[in-house]
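Shown next, in structure tokens, is the structure this report addresses.
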Amino acid sequence: MRKRGHGKMAEDYLKQVTVGEVEAHGGPIRLCPYDRRWPEQFRREAEKIRAALGDRALAVEHVGSTSVPGLCAKPILDILLLTADADREADYVPALTAAGYALRIREPDWFQHRMLRGTDPAVNLHVFSAGCPEAARMLAFRDWLRTCRADRDRYAAEKQRLAARPWAYVQDYADAKTAVVGEILERIRQAGLLPN
């Protein structure tokens, strides 16, 4: 989980890592009930990503709340793409741009994370290098929520509580979930499903 700070510090960070204009939100977050169309939408997007990158796409995984049956979510698919080296944008960004994704976030100091955005359906495509510990956490978190109803319900309740508040930026809402995500990740570690 990234540490961005709060208020002006967080806004400055967003301006630093965003490619293009930072999009202000200025309101509550819209969460939707789980939509059974999301897995099929992911499947189509994964095919598009693999067609664009070939063997440069080392893994393409559905992550985030839309990947967990029964969990409410923003209606945006989060997709994890693992490449040999996320820092080498020339290896994947031009091909993904041609496939309809736009580079929006470049975080070289946070696991070399890149995020590209797609539309129709809305997609946040998160790119990390193979072996990245953050990618392992994302997958473990997804898999745990798929099988642990108590933590899925706990996470959903906290998301709904936070979503009702007004947020200057969507990333502020995501950052506000850090405590509950950390609490659940600790249970995953204690179960031996993540290294310390």
Exactly one of ALA90, ALA86 is of a type in the set (A, V, I, L, M, F, W, C), in contact (Cβ under 8 Å) with a residue 24 or more places away in the chain and at negative phi, and that residue is ALA86
For residues that are surrounded by fewer than 16 Cβ atoms within 10 Å (Cβ to Cβ) and among the acidic types (Asp, Glu), scanning just region 135-156, find the one that is farthest from CYS72 (Cα to Cα).
ASP143
Is region 162-169 home to any residue that is open to solvent by 30 Å² or more (accessible area, probe 1.4 Å), under 15 Å from GLY64 (Cβ atoms) and either assigned to a loop (DSSP other than H, G, I, E, B) or out of contact with any strand residue (DSSP E or B) (no Cβ under 8 Å at 6 or more places or on another chain) (or both)?
no
Please work out which one of (1) more than 18 Å from VAL123 (Cβ to Cβ); (2) in contact (Cβ under 8 Å) with a residue 60 or more places away in the chain; (3) not acidic (Asp, Glu) is the condition ARG30 fails and give its number.
(1)
Give just the number: which of (1) among the small types (Gly, Ala, Ser); (2) on the phi > 0 side of the Ramachandran plot; (3) assigned to a helix (DSSP H, G or I) does ALA135 not satisfy?
(2)
Given the structure, is PRO195 under 17 Å from the mean Cα position of the chain (by Cα) and part of a loop (DSSP other than H, G, I, E, B)?
no
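The values are calculated or read from the model by the stated rules, or taken from the named source; none is laboratory data. The structure displayed is predicted, hence computed values, not measured ones. Neighbour counts are summed over all protein chains in view; Cβ atoms, including those assigned to glycine, are modelled from backbone coordinates with ideal geometry. For the accessible areas, the whole protein counts, side chains as well, though only heavy atoms, and no ligand, DNA or RNA atoms are used. Shrake-Rupley method; radii C 1.70, N 1.55, O 1.52, S 1.80 Å.
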